[in-house]
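Q: Let me give you the structure first, and then I'll get to my questions.
The values are calculated or read from the model by the stated rules, or taken from the named source; none is laboratory data. Please read all numbers here as calculations on a predicted model, not as lab measurements. Note that each Cβ is placed from the backbone with ideal geometry, even for glycine, and that neighbours are counted across all protein chains shown. We work out accessible area using only protein heavy atoms, side chains counted, and drop any ligands, DNA or RNA first. Shrake-Rupley method; radii C 1.70, N 1.55, O 1.52, S 1.80 Å.
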Amino acid sequence: MNIAVVTPVKHLPGIPELIKSKGNAFYLEEGTKQEVRQILFSKNINVIICNPNQQTYKIDQELLEGTQIGIINSCSTGLNHIDLDYCKENNIKIQCHKTDYELINQLPSTSELAFGLMLSLLRKIPESKNHTLNYQWDYTQFMGRQVKDLKIGIIGYGRLGKMMEGYCRAFGAKTYIYDPYVNVPQTSLERMFQECDVISLHVHVTDKTRYMISSKLLGLVEKDLYIINTSRGEIVNEIDIVEALNTEKLTGYGADVVENEFDDLTKSPIIKAMSKGKNIIVTPHTGGMTIEGQTKAYKWSINKL
């Protein structure tokens, strides 16, 4: 078996050795789409090991056509970095962690980041750091919010949503849930946007969830609201998010994702707005990127081969 590793893994203890035990490994951890396609042909690659977090291209017909790829092994639950329809039509097997519950229940990293993004916005941590870097010491500019007294809405009550709610409740916040696929007390989206101080998104991208957060819901906001998005950029209408910040319907936006992560990031309306001083924090899809989490996940993923 010839394996192309197109995502960084050499920093994870034991993972390169494990990959080597499965076949002949060829590394192109930060290659372009054209470079990856070249190695797929030149090394007669059968398997691709990937992860969406640092991938700057989509694994699609343009990359795969004419190759010998039979398996795409993705160390992720989300698969929007792969053209699933093309793979199905061409009998390419997709391996991922979407239903690996024994594993993913051990991986709270993304929820921990969601909580961290929320605290960073509520307590103005990035601005405070920049303030002290300039040898200034005026706390009055950085009066924040106390989690204990907030109402926090959780949209999506799967594994990560439940973890996020647990962290919020541990801090004393009152939590509200919206998820039509689970049988728990529910709060409507409309009421959430009217009453909550923070809303955190924990859903997969589907036809029903794509752009579910748009001007229609943002227009209902009646007080300061922060939105946290560690799901996918496509869950929100990013243009509407920026407009809500401009009109002060939205107080802050914290995200680990943007739409079209595999495209030119200079086109991202969210990153552009952040660069212009809007109250936005964007991290480069680091949610699951912890040494502990990634080592466990890649071991599980590679052993599927």
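Q: Which pairs turn up if I take residues in segment 236-251 that are more than 14 Å from Leu217 (Cα to Cα) and look for partners that are in a loop (DSSP other than H, G, I, E, B) with beta carbon separation below 6 Å, at least 6 apart in sequence or on another chain?
A: Qualifying pairs under 6 Å: Thr251/Asp224; Thr251/Leu225.
Q: I've got another one for you. Given the options Gly156, Gly172, name the one that is small (Gly, Ala, Ser) and under 23 Å from the mean Cα position of the chain (by Cα).
A: Being small (Gly, Ala, Ser) and under 23 Å from the mean Cα position of the chain (by Cα) holds for just one of Gly156, Gly172, which is Gly156.
Q: Turning to a different aspect of this structure: What's the number of the only condition in (1) surrounded by 14 or more Cβ atoms within 10 Å (Cβ to Cβ); (2) within 26 Å of Lys216 (Cα to Cα) that Cys168 fails to meet?
A: (2)
Q: Lys88 versus (1) assigned to a helix (DSSP H, G or I); (2) touching a strand residue (DSSP E or B) at 6+ places or on another chain (Cβ under 9 Å); (3) in contact (Cβ under 8 Å) with a residue 24 or more places away in the chain; (4) surrounded by fewer than 21 Cβ atoms within 10 Å (Cβ to Cβ): which is the lone unmet condition?
A: Against the list (1) assigned to a helix (DSSP H, G or I); (2) touching a strand residue (DSSP E or B) at 6+ places or on another chain (Cβ under 9 Å); (3) in contact (Cβ under 8 Å) with a residue 24 or more places away in the chain; (4) surrounded by fewer than 21 Cβ atoms within 10 Å (Cβ to Cβ), Lys88 comes up short only on (3).
Q: Go through segment 176-204 and report how many residues are buried (at least 17 other Cβ atoms within 10 Å of the Cβ) and closer than 14 Å to Leu160 by Cβ.
A: Qualifying residue count for the region: 6.
Q: Restricting to segment 31-54, name every residue that is among the hydroxyl-bearing types (Ser, Thr, Tyr) and surrounded by 19 or more Cβ atoms within 10 Å (Cβ to Cβ).
A: none
Q: Shifting gears a bit: Checking the condition closer than 30 Å to Gly14 by Cβ and of a type in the set (S, T, N, Q), which residue from Ser275, Ser301 passes?
A: Ser301
Q: So, restricting to helices (runs of 4 or more DSSP H) that lie completely within segment 1-81, which ones have at least 3 residues that are among the hydrophobic types (A, V, I, L, M, F, W, C)?
A: Here the list reads 15-20, 33-42.
Q: Right, another one. Looking at segment 252-284 only, could you name the residues that are in contact (Cβ under 8 Å) with a residue 40 or more places away in the chain and open to solvent by 20 Å² or more (accessible area, probe 1.4 Å)?
A: Glu261, Phe262, Asn279, Ile281, Thr283, Pro284
Q: Let me ask something else. I'm trying to understand the selection: among the residues of segment 18-47, which are within 26 Å of the chain's Cα centre (by Cα) and of a type in the set (Phe, Trp, Tyr)?
A: Matches in segment 18-47: Tyr27 only.
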